[in-house]
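Q: Shown below is the structure under consideration.
The values are calculated or read from the model by the stated rules, or taken from the named source; none is laboratory data. What you are looking at is a predicted structure, and each value in this text was computed from that prediction instead of being measured. Note: ideal-geometry Cβ built from the backbone for every residue, glycine included; neighbour counts use all protein chains shown. We work out accessible area using only protein heavy atoms, side chains counted, and drop any ligands, DNA or RNA first. Shrake-Rupley method; radii C 1.70, N 1.55, O 1.52, S 1.80 Å.
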Amino acid sequence: MEFVAVIFLVVVIIIFLALFFSFVPIGLWISATASGLRVGLFQLVAMRIRKVVPSRIINPAIKATKAGMEISLNKLEAHYLAGGNVDRVVNALIAAQRAGIPLDFERACAIDLAGRDVLNAVQMSVNPKVIETPVIAAIAKDGIELRAKARVTVRANIDRLVGGAGEETIIARIGEGIVTTVGSSTSHKDVLENPDLISQTVLNKGLDAGTAFEILSIDIADVDVGRNVGAQLQIDQAEADKRIAQAKAEERRAMAVAQEQENKAEVQGMRARVIEAEAEVPKALAEAFRSGRLGVMDYYNMQNIQSDTRMRESIAGEGKNS
């Protein structure tokens with residue numbers, strides 16, 4: 001029984017020690033103490049209770065201590081609980097200190113919580129970034145299209161990282177500057193001869209205002225001649241004028257055809273009335289015969305007169321033709 005009790009006691013002690021060392025990070029406390037970071041075991045246990053991973057706080061704090069910076073563990077823990085990346089913030093502070101860039105802990109935390117990579121921003125302040133714009137098309141006053149591509153060298157502006165616009169705004173403003181410069185040029189040859197006009201226009205307009213970057217330089221990488229938009233517009237205008245003229249001519253032709261048809265109808269109506277009148281002549285003669293107003297000899301004399309008239313007209317017509 002005593003042997004069983006000893007075995008049970010040993011098992012209980014092993015389980016207790018396993019739970020204790022899993023809950024109390026002794027190894028982490030030893031590393032922090034050896035690095036000169038003042039932290040107590042109860043403080044580490046309190047982090048566990050607050051559902052904070054102690055290594056996420058202590059390891060960055062050790063790096064800060066070794067770099068000669070004093071950062072409160074409570075501030076690191078508060079930033080962690082707010083959803084920030086403590087390790088990235090500490091790395092950014094160390095990089096800023098080494099590069100001589102003024103950056104305090106509170107601003108670094110604000111930049112990190114704003115969703116920006118504060119370490120990348122510090123690195124970009126030391127090593128500027130080159131942004132390449134897509135091909136931007138613009139048309140000069142002579143109607144020639146130019147297609148330009150620019151490379152913009154920017155440096156992160158730490159003071160404007162919170163609330164400042166990003167790379168998309170820089171690219172949009174560069175495109176605006178290219179379109180403005182080319183569009184105000186009398187001839188596309190002026191831009192081809194001096195592409196630096198675009199750089200000067202963009203830099204003079206201060207297009208980096210309100211952004212998280214500072215434009216250092218703008219280099220026009222390539223300028224190509226595109227379409228002759230002015231000539232194409234003239235061709236389209238001429239084609240439109242031709243179609244309008246054709247439509248008006250077709251309208252006049254339709255009116256002429258309608259007038260001709262109307263004249264033909266009128267002539268046919270007159271012919272019908274003449275035929276109708278000629279048809280009344282035999283009726284009138286018959287009526288005259290029945291009523292006694294016209295005799296047979298009178299009718300023959302009238303026929304002779306008509307024949308004589310037709311003969312005279314025929315002889316006169318032959319005389320004119322000869």
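Q: Please list, in chain and number order, the residues 5+ apart from I131 or on another chain whose amide H is under 5 Å from its amide H, with Hs placed from the backbone.
A: Residues meeting the amide H criterion: V152, T153, V154.
Q: For the stretch 68-195, what is the accessible area per residue in Å², given a 1.4 Å probe and the full set of protein chains? Please report the intermediate quantities before stating the final value.
A: On the way: 6240 Å² over 128 residues.
Accessible area per residue, the stretch 68-195: 49 Å².
Q: May I pose another question? Once you list every other residue whose beta carbon is under 15 Å from the beta carbon of H188, what net charge do they have if Lys and Arg are +1 and Asp and Glu are -1?
A: Working: positive: K141, R147, K189, R227; negative: D142, E145, D190, E193, D222, D224.
Result for the local shell: -2.
Q: What's the carbon and sulfur percent of the stretch 73-151's accessible surface, probe 1.4 angstrom, rounded to a whole number?
A: Working: 1830 of 3830 Å².
With neighbouring chains kept in place, the figure for the stretch 73-151 is 48 percent.
Q: Right, another one. Of the listed pairs K51/K75; K66/K129; K129/K189, which have alpha-carbon separations greater than 26 Å here?
A: Numbers: K51/K75 16 Å; K66/K129 30 Å; K129/K189 31 Å.
Exceeds cut-off: K66/K129; K129/K189.
Q: In nm, what is the difference between 0.36 nm times the number of residues separating T180 and E132 and their Cα-Cα distance? Walk me through the intermediate numbers first.
A: Working: separation 48, 0.36 × 48 = 17.28 nm, distance 1.88 nm.
Using 0.36 nm per residue and subtracting the Cα-Cα distance, I get 15.4 nm.
Q: Long-range amide H contacts for T211: which residues qualify at under 5 Å (H placed 1.01 Å from N, peptide plane, sequence gap of 5 or more or a different chain)?
A: Hits under the 5 Å cutoff: A165.
Q: Next question. Want the number for N74 to K189: 0.36 nm per residue separation, take away the alpha-carbon distance, what's left?
A: Numbers: separation 115, 0.36 × 115 = 41.40 nm, distance 6.43 nm.
Stretched fully, the N74-K189 segment lengthens by 35.0 nm.
Q: What FRET efficiency comes out for the pair F42/D117, r = Cβ-Cβ distance, R0 = 35 Å, nearest 0.05? Walk me through the numbers before you get to the answer.
A: Working: r = 35 Å, r/R0 = 1.00.
Calculated value: 0.50.
Q: Between I244 and R160, what length comes free when the chain is fully extended (0.36 nm per residue of separation minus the Cα-Cα distance, one decimal in nm)? Mind dumping the intermediate values first?
A: Numbers: separation 84, 0.36 × 84 = 30.24 nm, distance 5.83 nm.
Extra length available between I244 and R160 comes to 24.4 nm.
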